[in-house]
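Data block below; observations after.
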Amino acid sequence: MAHIESEEQKALRSAVAALGKRHGRDFDREALWSEAAKLGYLGVNLPEAYGGGGGGIAELSIVLEELGAAGCPLLMMVVSPAICGTVIARFGTEDQKRTWLPGLADGTRTMAFGITEPDAGSNSHRITTTARRDPDTGDWLLTGRKVFISGVDIADATLVVGRTEDARTGNLKPCLFIVPRDAPGFTRRQIDMELQAAEKQFELTLDDVRLPADALVGDEDAGLLQLFAGLNPERVMTAAFAIGMGRYALAQAITYARDRTVWKTPIGAHQAIAHPLAQAHIDLELARLMMQKAAHLYDAGDDVGAGEAANMAKYAAGEACVRAVDQAVHTLGGNGLTREFGLASLITAARVARIAPVSREMILNYVSHQTLGLPKSY
């Protein structure tokens, strides 16, 4: 069954939890990234032939969830090994695999992912970043803009979603390109975010960025198949990120409810405190079950089934995370807004899982149309 973890997965969960506990809430991102890589956790989903652990998204989601539950999530795990590593492992050329996968696995190289655009929003069909061939050299020329792209400043390259023209129909189709960080014409501007996170957000501009023919990942005609090979793991990993965050907040609240005594009684003895925390725990556990199902389907090669489950998992985890954080802050009262307990910053961070990489409303659109067979509304 998808929701029953193997002994190896249980051992991985325990080991990563111990790593997270050692680093804790005040973690140094580079130090944690380096140690997680050295222990083989960052590349646990990548092929063994290229230095990875030979596991899948199920194992990688365990790593991110447990680090999040310890208060030290690594957001770039959603992007570098999960999206970019998976796409290259599945569709990249042998040279691309040899060039990128060992470094992504051992943490010495990272890759960002550029899909979101200022005017496209959730409509990937409106992406305006275009790639055209130079007829004289065979090079690609990319032009466009991206926004809310994580970790570009620390990434060696960005896997950019552009669109090329289908010679047969004239329609534009999505394609993926590896754009080195120092490519001429490739510039970035940091976005001033209220959200506090180790990874920064950027707006990217591509002004006739010239790339060699082999910068294209996979088949030019595969289109959405290759794109969603990266987006489904992204949704699973976003769920893991949210579940870990929710677990961290809930653990803080449980400890406080046990220790905080008013009128000679721990506040956790009162149902008004205990029941909402119990409900938050149930919601997080249910979200984890759907996340495990989605990861299992994806690793088994069922892209269609994984797409549905990954969207549901991301939705459930985002909602559960927001409720867990809100209830944790409420349980601590004024203390929930102090730096000492580390919950106030999660009020903003928790909403990320509702918004990114796809809004809950678009997930409801997907489920109502694709799963329930209702008329399409968008």
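The values are calculated or read from the model by the stated rules, or taken from the named source; none is laboratory data. Since we're looking at a predicted model, the values are computed, not measured. Cβ sites come from the backbone with ideal geometry, for glycine too, and all protein chains shown count toward neighbours. To get the accessible areas, we keep the full protein, side chains included, count just its heavy atoms, and leave off ligands, DNA and RNA. Shrake-Rupley method; radii C 1.70, N 1.55, O 1.52, S 1.80 Å.
Would you point out which residue out of Ser61, Ser80 is modelled with pLDDT of 95 or more, under 13 Å from the mean Cα position of the chain (by Cα) and farther than 24 Å from Asp95 by Cβ?
The match here is Ser61.
How many residues are modelled with pLDDT of 95 or more and of a type in the set (Asp, Glu) when one looks only at the stretch 132-152?
1
Looking at the stretch 156-165, can you tell me whether even one residue there is at pLDDT 95 or above and acidic (Asp, Glu)?
yes
When you look at Ala324, is it under 23 Å from His275 (Cα atoms) and either crowded, with 23+ Cβ neighbours inside 10 Å or under 15 Å from the mean Cα position of the chain (by Cα) (or both), yes or no?
Yes.
Quick check on my filter: what residues within the stretch 18-34 are under 13 Å from Ala70 (Cβ atoms) and buried (at least 16 other Cβ atoms within 10 Å of the Cβ)?
Leu19, Gly20, His23, Phe27, Leu32
Please give the number of the condition Glu117 fails out of (1) assigned to a loop (DSSP other than H, G, I, E, B); (2) acidic (Asp, Glu); (3) over 17 Å from Thr187 (Cα atoms).
(3)
Any chance the stretch 140-162 includes a residue that's assigned to a helix (DSSP H, G or I) and surrounded by fewer than 22 Cβ atoms within 10 Å (Cβ to Cβ)?
The initial filter retains those residues of the stretch 140-162 that are assigned to a helix (DSSP H, G or I), namely 152-154.
From what is left, the residues that are surrounded by fewer than 22 Cβ atoms within 10 Å (Cβ to Cβ) are 153-154.
Checked the stretch 140-162: at least one residue is assigned to a helix (DSSP H, G or I) and surrounded by fewer than 22 Cβ atoms within 10 Å (Cβ to Cβ).
Looking at (1) outside any helix (DSSP H, G or I); (2) open to solvent by less than 20 Å² (accessible area, probe 1.4 Å), which is the only condition Met291 fails?
Result: Met291 fails condition (1) only.
Where in the stretch 30-108 are there helices (runs of 4 or more DSSP H), lying fully within it, with 1 or more residues that are within 20 Å of Tyr248 (Cα to Cα)?
57-69
Specify the residue that is surrounded by the fewest Cβ atoms within 10 Å (Cβ to Cβ); the eligible residues are those in the stretch 230-272 that are touching a strand residue (DSSP E or B) at 6+ places or on another chain (Cβ under 9 Å) and assigned to a helix (DSSP H, G or I).
Selected residue: Asp259.
Could you list, in sequence order, the residues of the stretch 281-297 that are without any contact (Cβ under 8 Å) to a residue 40 or more places away in the chain and closer than 21 Å to Ala310 by Cβ?
Glu285, Leu286
Only residues that are open to solvent by 60 Å² or more (accessible area, probe 1.4 Å) and free of Cβ contacts under 8 Å to residues at least 40 places away in the same chain: list them for the stretch 351-369, please.
Arg351, Ile355, Glu361
Can we say Gly305 is assigned to a helix (DSSP H, G or I) and within 26 Å of Glu5 (Cβ to Cβ)?
Answer is yes for this residue.
Working carefully through the options Ala309, Ala278, Ala274, Ala300, find the one that is without any contact (Cβ under 8 Å) to a residue 40 or more places away in the chain and in contact with a Leu (Cβ under 8 Å, 6 or more places away or on another chain). Steps first, answer last, please.
On the way: Ala278 fails: in contact with a Leu (Cβ under 8 Å, 6 or more places away or on another chain); Ala274 fails: in contact with a Leu (Cβ under 8 Å, 6 or more places away or on another chain); Ala300 fails: in contact with a Leu (Cβ under 8 Å, 6 or more places away or on another chain).
Matching residue, one of Ala309, Ala278, Ala274, Ala300: Ala309.
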